[in-house]
1. Which whole number gives the average count of other chain Cβ atoms within 10 Å of the Cβ atoms across peptide A:405-413?
2. In peptide B:53-60, what is the residue-averaged number of other protein chain Cβ atoms found within 10 Å of each Cβ?
3. Would you calculate the volume per residue, in Å³, of the smallest convex hull containing every Cα atom of region A:184-230?
4. Report the relative contact order of region A:186-327, percent, no decimals, based on alpha-carbon pairs under 8 angstrom and at least 6 residues apart.
5. Tell me which residues come under 5 Å, amide H to amide H, from B:Val94 once H is placed; ignore anything under 5 positions away on its chain.
6. In sequence order, what are the phi-derived ³J(HN,Hα) couplings for region A:351-360 according to the Karplus relation 6.51 cos²θ - 1.76 cosθ + 1.60 with θ = phi - 60°, rounded to whole Hz, with x for glycine and proline?
7. Based only on Cα atoms, what mean projected area does the convex hull of region A:546-629 have, in nm²?
8. If the viscosity is 1.306 mPa s and the temperature 10 °C, what Stokes-Einstein diffusion coefficient in µm²/s follows for region A:247-372 when Rh is the Kirkwood radius over Cα pairs?
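Throughout, read-outs are computed from the coordinates displayed, never taken from laboratory work. None of the values given here were measured: they were computed from a predicted structure. We place every Cβ from the backbone using ideal geometry, glycine too, and count neighbours over all the protein chains shown.
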Amino acid sequence: MPEDEDQQQHVAAQRESSPQPPPLPRRPTTIEEEDGLRPPLTPSGSVRNFKGSPRPPLQSKATTAVSQVDVLGLSQDASPSNNQRSRSHSRQPSGRLQSRAGSDDDTASVRSVQTLAPGQSGDIESLLDDVVGAAATETDEGVEERDDAASLDTSPLQNIRDDLDESFSSEFEPVGSFEPDGSNGELLNRQWRAKLKHYLILSSAGKPIYSRHGDDQLISGTIGVVQTIISFYQGAQDTLRGFTAGDARFVILSKGHLHLLAISRLGESEAQLRAQLEALYMQILSTLTLPTMEKMFINRPSTDLRRPLQGTESLISSLADGFTRGSPATLLSALECLRIRKAHRQVIHSTLLKCRSPQLLYGLVVADGRLAAVVRPKKHSLHPGDLHLIFNMLFEADSVRAGGGENWIPLCLPGFNNTGYLYMYVSFIDPETGSPREDIEQPLDGRKRDNEIAVLLISANREAFDEMREMRDKVVDQLQANGSLAHIRRAIANGRSSCTSILNTNKADTKGADTPAPIAHFLYKSRANVQFVMPSAGPLFSSTVSWRRLISLYARLQGALHGKTTHLKVVHVVTGGASALAWTTPTFEVYVVAGPRAGKHVLAKAAMGVVQWARREEERLFVVGGAVF
Amino acid sequence: MADQSPAANAPKPVSSVKLVLLGEAAVGKSSLVLRFVNNDFQENKEPTIGAAFLTQKAHLPTRTIKFEIWDTAGQERFASLAPMYYRNAQAALVVYDVTKPSSLVKARHWVAELQRQASPGIVVAVAGNKVDLVDDSAAPSATPAEGAEGEADEEEGGRKVSREEAEKFAEEEGCLFFETSAKTGSNVAEVFTAIANAIPEAALKGRGQPAAGAASTGGAAQAGQRDDSNRVQLGRGDGVQKANEGCAC
Ligand SMILES: Nc1nc2c(ncn2[C@@H]2O[C@H](COP(=O)(O)OP(=O)(O)OP(=O)(O)O)[C@@H](O)[C@H]2O)c(=O)[nH]1
Ligand SMILES: [Mg+2]
């Protein structure tokens, strides 16, 4: 952990101190996508004068950075080979392409990317002017620009992985078990190998701890091979971090006595897979704490960790499934909040402060799986990774929610402190699902399960259940009395906004019909708040496969923005099924996706629209700072 | 019963009783609670993490018992937290799985620990759960106590713990005993009712009094304790002041 953080800080420092890195030679042999050629946007400097001053982040900087790691020299194109180039451009970019000399970074080679001339300044409006201005000069590329989303109607993002449909449908089905006579071994092996995503966790002594697919018997061979390879490298005083074979990428994370391995054929980058493995590792720590686990291995190197982890397989699996389905929260290392008026959120925050028990460390109000409000001590912020573990436990794994009643859960939040336990009081407020307290009588309008509001109160004192419960009672009473519960319920009922409604709010006059949004989806991450916002998935991305395609596209953009040796501010990708643009500045990252025929300027303009909207709505979209005591 | 008020319609007195469930992982503690509280059953219930707190009332002829139930996690790593839950409990339900002999061994350990560490007056019931998996329930003597253990474990899922063996153990330890099924609901309400009936009148606190307050003083003389707490409540100002003085010194 510490080295990683150092590295992140180092990388970040490097970025800032070298505004003009050496130019990147173009690598035409590996370019397969249309490249962003002209700088439509001004760079990071221009966002300095954003209205909002930098807010205290919810967590320390080092942990907010998307992990930056060495990119494998031997890795190949991360995307499947059947991508087609939608169109080719012979024109060299007028913008400056940048890279580090001698870079063998694969993210740079996958697509040509560009950065913007640094040092320009200007506020967001002039950025927008630049974008619009740029559009005119682009037409000489012969790109057909379209301002509508019509081209999205048919199979968007088709070529992210053409065979995804068949293989993805069985991705979440279990591999069977061996017949007693072993006759089905071949079949099982074939099933196992057909999976697009594997996670294996083993001890350094070679004991299996977790496998996403397949039982012990099936994976024993694989475990043996992995173990042998890893120890071969370790014997050579080297650390094997990963490799690719065909279209599969292998990433290994070695942590003390644990080896975690990810195998992905979904086109994810090494850094992205590593972040997923980090999350699985955090889940294990969350159950055991680091010192306890280390003690076990020191006392008995051959410890079978599955025993102490018993009962948490489903938590690990639901994390793994989530990564496989595609999780923007993990991709962006950020969390999603409930959109609620600033004044309404302030009322919730002051209620939390007013009712605060002296035993409280963190208090959270969570609705529909999104954060609505947080109360925390001044000196402690919340690590998004920790929150992800909590949300996974409460909303994905179902073990807590299904029980009904209130819960008192010891857990370690490794981002906060990996050596000890905290105690989490959990109460779902919903009479329909059986809030256990007869004395809370608040008729909720909505009746659906996802209307649930959860109150989470975390204490360092394991005896503090009664205090937490008392606080919950007070908080709920007051939230009910001051109308906050109604506001939360309405926010839940409204759901996420559509792209169209979001982009139309930017129009000066709101009269007249909404113009259909030129983009199909977006992600916007506020770096200072370590939070992100996205629109509703809509019909386009409601299926598992189309969602996976979308996330894969985002992952490619994210990989290009965050490759260790790249200093990219803007990435533009066109595939057969989609065109997309990503833009990063010190304060935000924005990703927009549209149909394949949407031009760069359309994307850039939409990205600006999203940025404008997010900036205007910042305190509705994000929990800024939270209630601090 | 004798002291019951004559008006049949008058609300019965409600007393809170803290009840803790203990037992090996996956024997069906949460399922028993779910059946008792929501009259529901889930085929694939996830293991409990930490502990869950639920309440449910049991209506007796003369009074109503409001159970404050701590459903603890059976997994080994949570064992050290158990004292926190049984320390103040007036009742405990120790559960084992009639198809799993190791779970009875664990149940014996829990009963012994309760006798050593819990409040002396605690009412303990032992429940052999999952009897629905046993088709010999009509002929309990069909299975010898130890014999069947090794063979044919999970596939058949038949009885592996004889009723006699468990009942004898419960009797020796002075515990109530039932064989239950959270799945069919068999005997579930009965266990809780039996526990409610077994709680000595003297150990019950009136409605509105915080359960933790009186119970946490623990100790043998429950009746005396009760008087104490009543007195403190009546003379509240005095009690508080005394406490403050004590702190200041
Ligand atoms: N057939 C049958 N299955 C049961 C019965 N009670 C529980 N089960 C099943 O046994 C499994 C474990 O039940 P739980 O109620 O979660 O067990 P638990 O004792 O709470 O387990 P921990 O929380 O891990 O300590 C679940 O799959 C239940 O569906 C029963 O009476 N009959
Ligand atoms: Mg349970």
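1. Numbers: counts 14, 5, 8, 10, 7, 8, 2, 0, 0.
So the per-residue partner count for this stretch is 6.
2. 4
3. Details: hull volume 3.3 nm³, N = 47.
Dividing the Cα hull volume of region A:184-230 by its residues yields 70 Å³.
4. Details: 164 pairs, mean separation 34.2, N = 142.
Once divided by the residue count of region A:186-327, the mean separation gives 24 percent.
5. Distant-sequence amide H within range of B:Val94: B:Leu22, B:Ala125, B:Val126, B:Ala127.
6. Working through the residues one at a time gives 4, 4, 5, 5, 8, 4, 7, x, 7, 7 Hz.
7. Working: hull surface 29.1 nm².
For the Cα atoms of region A:546-629, the hull's average projected area reads 7.3 nm².
8. Details: Rh = 17.6 Å.
My calculation gives 90 µm²/s for D.
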